[in-house]
Amino acid sequence: MSEALVASRAPGTDTSVPGVSGARQFWRRLRAQRAALVAAGIVALLVLVALAAPLLTAIEGQDPTTYHPSLIDSARGGVPVGSLGGIGGDHWLGVEPQTGRDLFARLAYGARVSLGVALAATLVQVFIGVVVGVAAALGNRWVDQLLSRATDIIVAMPLMIMSLALLAIVPSSFPRPVLVALVIGLIAWGNIAKIVRAQTLTLKELDYVSAARLSGWGAWRIARRELLPGLAAPVITYSALLVPQNISVEAALSFLGVGVKPPTPSWGQMLTAADVWYQAAPQYLLLPAGALFVTVLALTVLGDGVRTALDPRAASRLRVGTGRRREAMADAGASAGATTADAGAGTVHASSGTVHASSGSADASTGSADASATKEAKA
């Protein structure tokens with residue numbers, strides 16, 4: 001029944017049900033944004049490097065954990081031997097100070113950790129947030145109040161402090177990347193739950209959802225068949241913006257020493273070890289910091305492009321508003337021109353009336369003169 005209502009809507013209305021044509025429109029709008037395409041290419045390259053890290057390091061002939069003491073100048077405190085941090089054919093980006101481990105291998109494997117933790121944490125956040133938000137919107141008043149207050153508590157929790165506390169008490173035998181992803185995901189799902197609840201409350205009032213409810217569908221069937229397709233756009237948009245945020249959180253936790261533990265490489269962990277080498281070996285600090293900056297920036301730009309492609313009305317509001325202002329100014333100009341023309345016509349009519357009045361006065365004077373002449377003739 002609800003499907004019939006959706007199909008019978010007027011052309012041009014948004015049914016919020018994604019299909020083949022909707023996917024084609026999304027890709028066409030996304031391709032129209034050059035910045036989003038460049039960001040997508042950078043993200044794809046980073047993901048490819050992360051996935052192909054074993055192959056790339058095998059081509060280089062290095063690995064991320066092997067020490068090379070012969071490439072370190074002990075007399076200078078552990079600075080790499082050679083120019084630019086020991087860059088050469090055997091070590092494409094040089095080696096680490098004090099240890100001599102290959103920087104390219106550690107950056108490639110660090111991308112796996114940073115991107116993997118961020119994506120896993122985002123999936124946990126989205127799953128919990130969607131379930132809680134939909135349950136709060138479809139439940140009765142007490143369920144809504146209970147879940148909404150729980151969401152407020154989660155949002156009010158300081159993410160970094162809670163993560164530090166939880167990561168400090170968990171045994172080190174637990175896999176650290178998995179633990180970091182779980183901690184971030186379990187603490188930071190409040191905002192997406194609020195977004196999903198607000199959007200679900202809006203979708204509940206639409207006709208096709210009401211028709212599905214009147215036809216006897218259960219709450220979870222309505223949520224799965226009618227509400228979740230409508231929630232896809234805001235959830236995907238917010239998820240695309242969560243990934244760079246989670247990358248930054250993972251890097252900060254590793255920088256503080258409670259994230260991924262050595263010898264597993266991580267960009268945040270590399271920044272922690274590089275804070276005392278920024279003068280003697282600046283590439284050791286600039287490489288992980290630059291990789292982190294480029295990744296976060298590319299994901300942020302891509303997330304904004306996805307938001308615009310999924311909701312083109314947001315991008316066209318400025319153009320529509322400008323067009324309406326131009327139309328209003330044109331109408332005002334036309335009205336002013338018409339008023340001026342009417343005023344000119346009134347002036348012409350008034351002048352004509354004056355001329356007619358002057359003619360009438362002349363005729364009256366002529367009549368008076370004729371009457372006087374007639375009287376004199378009779379006399």
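Annotations
- Put simply, the amide H of Ile72, placed in the peptide plane, has neighbours under 5 Å in Val81, leaving out anything fewer than 5 places away on its chain.
- Charge tally in the Cβ shell below 13 Å around Gly41, where Lys, Arg are +1 and Asp, Glu are -1, Gly41 excluded: +2
- Sites Leu186 and Ile236 - FRET efficiency at Förster radius 22 Å, r taken between beta-carbons, to 0.05: 0.55
- Residues in region 267-278 carry Karplus couplings, in order, of 4, x, 5, 5, 5, 4, 6, 8, 5, 9, 10, 5 Hz; the curve used is 6.51 cos²θ - 1.76 cosθ + 1.60 with θ = phi - 60°, and Gly or Pro positions show x.
- Principal axis extents of the Cα atoms in region 109-321, from largest to smallest and rounded to whole angstrom, are 71, 47, 26.
- Other-chain or far-sequence residues with amide H under 5 Å of Val260's (modelled H): Ser254
- Residues Val260, Val143, Val235, sorted so that the one with the fewest Cβ neighbours within 10 Å comes first: Val143, Val235, Val260
- Computed extension length for Val81-Lys261: 62.1 nm, one decimal, from 0.36 nm per residue of separation with the Cα-Cα distance subtracted.
- For region 116-231: rounded, prolate or oblate by the Cα gyration tensor [a/c cutoff 1.5]: prolate
- Using θ = phi - 60° and Karplus 6.51 cos²θ - 1.76 cosθ + 1.60, couplings along region 220-232 (whole Hz; Gly, Pro as x): 6, 5, 4, 5, 6, 8, 10, 8, 4, x, x, 8, 4
- Environment charge of Gly86, counting only residues whose C-beta is closer than 14 Å and scoring Lys/Arg +1, Asp/Glu -1: -2
- At R0 = 25 Å, FRET efficiency that the Cβ-Cβ distance of Gln25 and Ser248 yields, to 0.05: 0.20
- Only Lys, Arg (+1) and Asp, Glu (-1) charged, at Cβ; region 109-321 dipole about Cα centre in debye: 460 debye
- On the beta carbon distance between Ala32 and Ser215, with R0 = 41 Å, the FRET formula returns roughly 0.55.
- If the chain linking Asp73 and Met162 were pulled fully straight, counting 0.36 nm for each residue of separation and taking away their Cα-Cα distance, it would gain 27.9 nm.
- Extension gain from Thr66 to Asn140, taking 0.36 nm per residue of separation minus the Cα-Cα distance: 20.7 nm
- Around Arg141: net Lys/Arg minus Asp/Glu count, Cβ-Cβ under 15 Å: +2
- Footprinting exposure proxy for Thr66, Thr122 (fewest neighbouring C-beta atoms within 10 Å first): Thr66, Thr122
- Rg/Rh ratio calculated on Cα atoms of region 42-128 (Kirkwood radius): 1.12
- Ranking of Ile184, Ile222, Ile59 by count of other Cβ atoms within 10 Å, fewest first: Ile59, Ile222, Ile184
- Each residue of region 152-169 is assigned a 3J(HN,Hα), and the resulting list reads 4, 5, 5, 5, 6, 5, x, 4, 5, 5, 5, 5, 4, 5, 5, 5, 6, 9 Hz, derived from the Karplus form 6.51 cos²θ - 1.76 cosθ + 1.60 (θ = phi - 60°), x at Gly and Pro.
Readers should treat all values here as calculations from the given coordinates under stated rules, not as data from a laboratory. The shown structure was predicted, so the numbers you read here are calculated from the model rather than taken from an experiment. All Cβ positions, glycine included, derive from the backbone under ideal geometry; neighbour counts span all protein chains shown.
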